[in-house]
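The values are calculated or read from the model by the stated rules, or taken from the named source; none is laboratory data. From a predicted model like this one, the values you see are computed outputs, not experimental measurements. Reconstructed Cβ throughout: ideal geometry from the backbone, glycine too, with neighbour counts over all protein chains shown. Only protein heavy atoms, including side chains, enter the accessible area calculation; ligands, DNA and RNA are left aside. Shrake-Rupley method; radii C 1.70, N 1.55, O 1.52, S 1.80 Å.
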Amino acid sequence: MDLKTERKIKFWLTTISKILVISLVLFKLVDILFEKKDTAPSEKEVLTTNLKEKQAIDSFHKKEPIVKEQKSSTIQTPNKKTEEQKNVAIKRATSPIYAKLHLVDNSFIWLKDKHKFVLKLANTTAALAENVTVNAVLIYEKEQQAILVQHKASIDAHGMLNIDFVTSNLLHTTLPKTIMLCINHESKNAKQKNWYKYLLGNKINGSGAIETRSVYYKTLSVSDGVYTNTAPNCIVQTHTSSTTNTKKDSDIDLENIKSSTQLFLRGLNNRSQITVKNTTTTKLYTQLSSVDSNKYSYGFSNKIEVVSHTKNTAIVRLVLTEKGRATYIKQQTAYDAENSPKKVSDFFKFLRRKGSSWEGRLINQNGIWKFDMY
């Protein structure tokens, strides 16, 4: 074998060896690659997994309505509360609203130059205050004087009422240090009647001589309540043991008799049934109701005279104004023209005729003077 042939044989053996080595290496690499592919999820496994997840999702959606039902059942309680709140609101809306009054702060003033008291009342509610009556009791050191301030038909909702009254018949020239202010009223479309008592004390304001200053009465205490028929007594009880105070007590009774008479006459003239009822005995109120006194215009004068009085009874003289006399004659003429058996004097049966005037009788009921049948 020649050298050239021998070299060719070595070359091919070397080449074949290299090819075998490379093939072996490639074979090993192929095994490693296939092992990694085996660890990754196959397409079949992916499809299976997706199918399971879809089934789980479907089952979740199928259970969802049950959860909704549970939620709907849990919100029933707020609905019940809402209904209850609506019922409460409806009940409040249909319930009657009662009027409430109060004395405006620092509004009770004595104007010395005009000899006049002024005050202001405020209605703090949406209800109409009707048949408002105001009385003042002037309290001195050992005596007191009751004064009718004003009777007003009504005070509008959230309204104000300015009141002024002259006190020319004071027991003393000096002003009282304290005043009891009594306010009564009714609420429209309601049976409730309210009363208030303000105890006022004075304080001097302004400059100049005391005799010319205006005196402001400030509120010391307030009490209030409701009543059915008769308002609480506005007389402040005083205790006197000395016999020297007998005349003073008599003077106090005299003023109380005058105040009660003036209030009663105001009720008759204004046809105020509640005022007449509160200032008369049951017997007299029944008599006045039977003759329909609220349909007649009496027209009594506010000037009265106390003829006589004791601790229990009093006789007062009453007169008609010019307008009251004209009404009396006109009404009687109308009855005569109609050939009616009625007489205007029937409206005055509870009084006793004395010439051109009448006399009335009052009795003392637990400290309150009320008109009674003569």
For this session: May I ask you to list pairs of residues, at least six apart or on different chains, whose Cβ atoms are under 6 Å apart, with the first in region 334-359 being open to solvent by less than 50 Å² (accessible area, probe 1.4 Å) and the second being among the hydroxyl-bearing types (Ser, Thr, Tyr)?
Result: 344/328; 347/293; 347/296; 351/374
Exercise. Which of the residues belonging to region 328-370 are touching a helix residue (DSSP H, G or I) at 6+ places or on another chain (Cβ under 9 Å), among the polar types (S, T, N, Q) and not in a strand (DSSP E or B)?
Worked result: 331, 332, 340, 345, 356
Exercise. Can you tell me which residues in region 121-143 are of a type outside the set (Asp, Glu), farther than 12 Å from residue 183 by Cβ, in a strand (DSSP E or B) and without any contact (Cβ under 8 Å) to a residue 60 or more places away in the chain?
Worked result: 138
Exercise. Across region 102-124, what is the total count of residues that are in contact with a Lys or Arg (Cβ under 9 Å, 6 or more places away or on another chain) and surrounded by fewer than 16 Cβ atoms within 10 Å (Cβ to Cβ)?
Worked result: 4
Exercise. Restricting attention to region 157-188, which residues are at pLDDT below 80, open to solvent by 80 Å² or more (accessible area, probe 1.4 Å) and not in a strand (DSSP E or B)?
Worked result: 168, 173, 174, 188
Exercise. For region 289-321, how many residues meet the condition of being aromatic (Phe, Trp, Tyr) and out of contact with any Phe, Trp or Tyr (no Cβ under 8 Å at 6 or more places or on another chain)?
Worked result: 1
Problem set entry | Residue satisfying condition, being among the basic types (Lys, Arg) and within 24 Å of residue 273 (Cβ to Cβ), within set 303, 343 | 343
Seminar exercise, completed: The condition from (1) touching a residue at least 12 places away in the same chain (Cβ under 8 Å); (2) open to solvent by 40 Å² or more (accessible area, probe 1.4 Å) that residue 286 misses is numbered (1)
For this session: Consider residue 302 carefully, then state whether it is within 20 Å of residue 146 (Cβ to Cβ), assigned to a loop (DSSP other than H, G, I, E, B) and either of a type in the set (Ser, Thr, Tyr) or in contact (Cβ under 8 Å) with a residue 12 or more places away in the chain (or both).
Result: yes
Problem set entry | Considering residues of region 126-156 that are among the acidic types (Asp, Glu) and modelled with pLDDT of 80 or more only, the residue least open to solvent (accessible area, probe 1.4 Å) | 130
